[in-house]
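The values are calculated or read from the model by the stated rules, or taken from the named source; none is laboratory data. Quantities reported herein were computed from a predicted structural model and do not represent experimental measurements. Cβ placement follows ideal geometry from the backbone for every residue including glycine, while neighbour counts extend to all protein chains displayed. Accessible surface is based on the protein model in full, side chains and every heavy atom, while ligands, DNA and RNA are left aside. Shrake-Rupley method; radii C 1.70, N 1.55, O 1.52, S 1.80 Å.
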Amino acid sequence: MIWAVANANVALVKYWGRAPGDDHQPAGTSLSLTLDGLVSGARVEERPDAGADHVAWVPPGPVGDLRRFVALARGRLGIERPVDVLITSNFPVAAGLASSASAYAALTTALAALATDIPSADRLAAIARRGSGSACRSLLGGFVQWRPGEEAGAVTQIAPPEHWPLAVLAAVTDNGPKRVPSREGMRRTRDTSPYFDAWLRVGAADLDAARAAVRSRDLHALGTAAERNALRMHAAALGADPPLLYWEATTVAVIREVWRLREDGTPAYFTIDAGPQVKVLCEPADSPRVERALADVPGVVRILRSRPGGPPRTLREPPAWAVHATLGAPPVGEEA
Ligand code: DP6
């Protein structure tokens, strides 16, 4: 039995739209920060006597997607025997906090440990993105870029986590699942939003600005590029038919609080993925003040603290936070 753990990531320049075709290629280049402590774990065990793979999420998740992914990954990694897979996370799942990214990065890492040959980083990235596009970025630590294309180096580290000790606070405004999953939201935006082409066009400039800001550790430049890019992604999504509105009233209240903090002299910047939660970047020294301000916004249910994190790791034992999930998991052979 093998465990692997992987961190979630937050996109500073978003992946929002796949290229046409069924190859799961992104329509544009994205840039993310791997988030320390927002972790998913994957347990994988070979089951030579089982007739088929067994898969489970704790709490329950989309087993059909997981089963298809395991079949594809086993094929590409040359794992002949059926496997038993359990996935769990230490933060709210399917709520716009990138749990699918950390889950599929952890699972890809655990399955790779069963492969007879050691797969290259490029091959692993090409597998992970079939589970969830953003998962390929969680295979690396720190600031990570993912660009379209099959050739080597599609997913690269721009800077390691220790390059820039930023604070990241996730203001959780709602613990429930997102209304429209990213996959469907992206498809709808690409197929129906009149703003989709404009969104892809401006993404390149946001990417250049964000990359330069990471290199020079310029929080204002990175924060303003990330905010602009997030708002443009949501503008494109709002233009879809039917429209995609991922925000709640509390989401807007948190945006306004971040802007108020900035007006009062505290550099803090937000970004929002396909859900109502708001992630805020700031200097570590300002983090306690920013956290208090966010926690005081009516409707914020909790704040998760993070900072730049590292790549996935394999373990022989479950991480302490995952032990309860292993106890509640259905026995081999049963569906979650
Ligand atoms: C808004 O990676 O979850 O978080 O490839 O369909 O699984 P699929 O989508 P997913 O989408 C992430 C969308 C986003 C932006 C981002 O992480 O870049």
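Using a 1.4 Å probe on the protein chains only, how many percent of the accessible area of the chain belongs to carbon and sulfur? Here it works out to 53 percent. Of the residues Thr116, Thr266, Thr189, the one that moves most in a GNM of the chain with alpha-carbon contacts below 10 Å is Thr116.
Per the Debye formula with a single identical scatterer at each Cα and no solvent contribution, what log10 I(q)/I(0) holds for the chain at q = 0.10 Å⁻¹? Computed log10 I(q)/I(0) values: -0.55. Using the 1.4 Å probe convention, the accessible area of the stretch 2-326 works out to 40 Å² per residue with neighbouring protein chains retained. The dipole here belongs to the chain: it is taken about the Cα centre, uses +1 on the Cβ of Lys and Arg and -1 on the Cβ of Asp and Glu, and is about 360 debye. Per residue of the chain, the DSSP helices (runs of n ≥ 4 H) give a summed -39500 (n - 2.57) that works out to -11500 deg cm²/dmol at 222 nm. Comparing mean-square fluctuations of Ala268, Ala42, Ala103 from a GNM of the chain with C-alpha springs under 10 Å, the top value falls on Ala268.
Among Asp22, Asp53, Asp264, the order of accessible area from largest down is Asp22, Asp264, Asp53, computed with a 1.4 Å probe on protein heavy atoms. Compared with the dominant principal axis of the Cα atoms in the chain, helix 219-238 is inclined by about 70°. If you run the Gaussian network model on the chain, springs between alpha carbon atoms under 10 Å, then out of Gly239, Gly17, Gly223 the most flexible one is Gly239. The heavy atoms of Arg18 present about 50 square angstrom of accessible area, all protein chains included, probe 1.4 Å. Couplings for the stretch 133-142, taken from phi via the Karplus curve 6.51 cos²θ - 1.76 cosθ + 1.60 with θ = phi - 60°, read x, 5, 5, 5, 6, 6, 6, 10, x, x Hz in order; Gly and Pro are left as x. Between amide H atoms placed 1.01 Å from N, distances below 5 Å from Asp36 occur with Arg307, Gly309, all of them 5 or more places distant or on a separate chain.
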